[in-house]
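Worksheet for the structure shown next.
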Amino acid sequence: MVAAWVDDDLDLDDAARRGLVAEGWSQAAVAGYSLVVTLMEIRQLLVTRIDALLRPHGLSFASYEILMHLRLSTEPGIPVSVVGNALQVHPTSISNCLGQLIPAGFVTTRRPPNDRRVVLCVITPDGRAKVDRVTTLLNADIFERLGLSDEQFGDLFGVLRRYRANAGDF
């Protein structure tokens, strides 16, 4: 028998839950699978909303993240590899985003004189202005309207932080 919280709180319909249990899945596996599906769906909902808001401004969420990372840095330039690692993005994705941000005039790249192998990303004044403008929109339309209380945010961050720590992400 599946626990009551599995029936009430998971994002699988009853038939799917019964099917997983009939296939021999444990309660923990059904709960884990359902949680992963729910998290992926929430991620897609957020990215879709954010991309819809950013698209008219010539940005995707990935390019916005790059601009924000550069905007918040205290360094005058950040190696491309560091940006990719910090955002946990594949180097190809970083290259694709930079391929849009550079011609738009939001980012430049340069090589430091002491190590010509490194490519630094540098946010331009236009990039800084763009990310500041769209951040105001994102804050008003999305980030400030997630519908969770401070206590709920704290609880959620606590759970997610423990999971990331257990997965070796910190």
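The values are calculated or read from the model by the stated rules, or taken from the named source; none is laboratory data. Values in this document were obtained by computation on a predicted structure and should not be read as measured data. Quick reminder, even Gly has a Cβ in these numbers, built from the backbone with ideal geometry, and neighbours come from all protein chains shown. Note: accessible area is taken over every heavy atom of the protein model, side chains too, but ligands, DNA and RNA are not part of it. Shrake-Rupley method; radii C 1.70, N 1.55, O 1.52, S 1.80 Å.
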Revision key, fill the gap. Selection from the range 23-63 of residues touching a Ser or Thr at 6+ places or on another chain (Cβ under 8 Å) and open to solvent by less than 30 Å² (accessible area, probe 1.4 Å) yields Leu54
Study note, to complete from the structure: Counting only residues in the range 6-62 that are more than 30 Å from Gly127 (Cβ to Cβ) and of a type in the set (Val, Ile, Thr), the one modelled with the lowest pLDDT is identified as Val6
**Study point:** Candidate set from the range 116-144 (those that are modelled with pLDDT of 95 or more and basic (Lys, Arg)); member that is least open to solvent (accessible area, probe 1.4 Å)
**Key:** Lys130
Review point. Within the range 78-90, is there a residue that is under 16 Å from the mean Cα position of the chain (by Cα), more than 24 Å from Pro113 (Cα to Cα) and modelled with pLDDT of 90 or more?
Key: no
